[in-house]
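Asks: Here it is, the structure in full.
Read the figures in this text as sums done on the coordinates, not as results from a lab. The structure presented is a predicted model; accordingly, all values stated were derived computationally and were not measured. Please note: Cβ atoms are built from the backbone with ideal geometry, for glycine as well, and neighbour counts cover all protein chains shown.
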Amino acid sequence: MSAWKRIAKRAVVHTIARTAPLTWGWRKPGSLIVLMYHRVLPKDSPARQTEQPGMYVSPETLDLHLNELKRHFELVHLDDWLRRAKAGAPLPRLACAITFDDGWRDNYDFALPVLVKHQAPATVFLVSGYIGTTYRFWPNRLMSLLQKSAAEPGSVDYPDPLRRIVAPVLQEVKRRGALAVEDADRVVQGAKGFDEEEIRRLIETAEKSGDGISQAGEILDRSEVEKMAATGLIRYGSHTATHFRLGGRISPSDLESEIAGSRKELQELSGQPVELFCYPNGETSPAALDLVRRHYLGAVTTRSGWHEASGDPHLIRRIGVHEDVSNAREPFLERLSGWR
Ligand SMILES: [Zn+2]
């Protein structure tokens, strides 16, 4: 970006941030903003090396967000708000519900202390089949593979058609001498074009070709789930049984287990009712939506925007917040307006 473009952009962000709280006042009373977080990683966390920039905030940024949110919104549990909306009960004028996707251990280590400090309620969307395991989501595994390839060229053999996405990026890395996290992000975005089953198979094949790929567990375990619930601030929703993207090919019995089975498992594991669902990667289908409607009070997507009481409670929009777009007050306020 050229220098003057950067200055112009900063001026736009500044103007929107200054007027944002004013425009929220014009929204329909009973409007709700749902924020989508994933991970909370300190600046020096090694986990940042194998994570997409859009996936995390620092604990300091989360703290800044909560300070700001409390000035403008009533912080609510998403399920409470939905229950009131369904019953036609009065709603706060402007409400905000905080959500965390995937059930990362760093939610316990780094988000929970900040949430407790602010007494902020939040929903954590868990993947029932991975609680307490060392399972790693495929985007992180793919980034680990790319790092290994960058450090030791030729050490990983990528099967086609994954190779077609990886090869141009590795060429670039060879030329520049280093792997930028943005390069790896590009590969992950490209790999999302494959079917869920296919990408899992391709990555497993690549992993078998190069030994020494890190498999450290980064997912919450049962005792952390219990301790978070015991604060009274954290409630759980389902993010399926295996983080399977529901927009592609999937058998009816697998769909049933991802949506209804995961709910049953999570209720048993957490000892709490599980009434909310979160679509992996925001993908859904008519069959998935139908099943979600039958089993859950509400469900969140990755589509950007605010939610109103008259909106579809099973296709709730959210605003994604992460470090690179919201690590200061003004860009955060601009982000909340949901204009991009
Ligand atoms: Zn997810």
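Asks: For the stretch 1-159, what is the largest minus smallest coordinate of the Cα atoms on each principal axis, given in angstrom and ordered from greatest to least?
Replies: Sorted from largest, the Cα extents of the stretch 1-159 read 60, 49, 31 Å.
Asks: If contacts are Cα pairs under 8 angstrom and at least 6 residues apart, what is the relative contact order of the chain in percent?
Replies: 25 percent
Asks: A further question on this structure: Which of SER149, SER251, SER58 ends up with the largest GNM mean-square fluctuation for the chain, with Cα atoms connected below 10 Å?
Replies: SER251
Asks: Antiparallel versus total DSSP beta bridges in the chain: what percent is that, nearest 5?
Replies: So the antiparallel bridges amount to about 5 percent of the total.
Asks: Of the residues GLY193, GLY103, GLY311, which exhibits the maximal mean-square fluctuation in a Gaussian network model of the chain defined by a 10 Å Cα contact cut-off?
Replies: Fluctuation is largest for GLY193.
Asks: Only counting other Cβ atoms within 10 Å, I'd like ASP102, ASP44, ASP63, ASP312 sorted with the fewest neighbours first.
Replies: ASP44, ASP312, ASP63, ASP102
Asks: What's the exposure ranking of TYR279, TYR296, going from fewest to most Cβ atoms within 10 Å?
Replies: TYR296, TYR279
Asks: Let me check I've understood the local charge: for ASP102, count other residues with C-beta under 12 angstrom from its C-beta, Lys and Arg +1, Asp and Glu -1. What total comes out?
Replies: With Lys, Arg at +1 and Asp, Glu at -1, the net is -1.
Asks: Kindly put ILE316, ILE98, ILE219 in sequence by how many other C-beta atoms sit within 10 Å of each C-beta, fewest to most.
Replies: Fewest-to-most ranking of ILE316, ILE98, ILE219: ILE219, ILE316, ILE98.
Asks: Under 18 Å between alpha carbons, and skipping anything fewer than 8 positions from LYS43 in its own chain: which aspartates and glutamates qualify?
Replies: Output for LYS43: GLU51, GLU60, ASP63, ASP106, ASP109, GLU182, GLU218, GLU323, ASP324.
Asks: Rg over Rh of the stretch 138-209, using C-alpha atoms and the Kirkwood radius, what does it come to?
Replies: Reported Rg/Rh, Kirkwood definition of Rh: 0.92.
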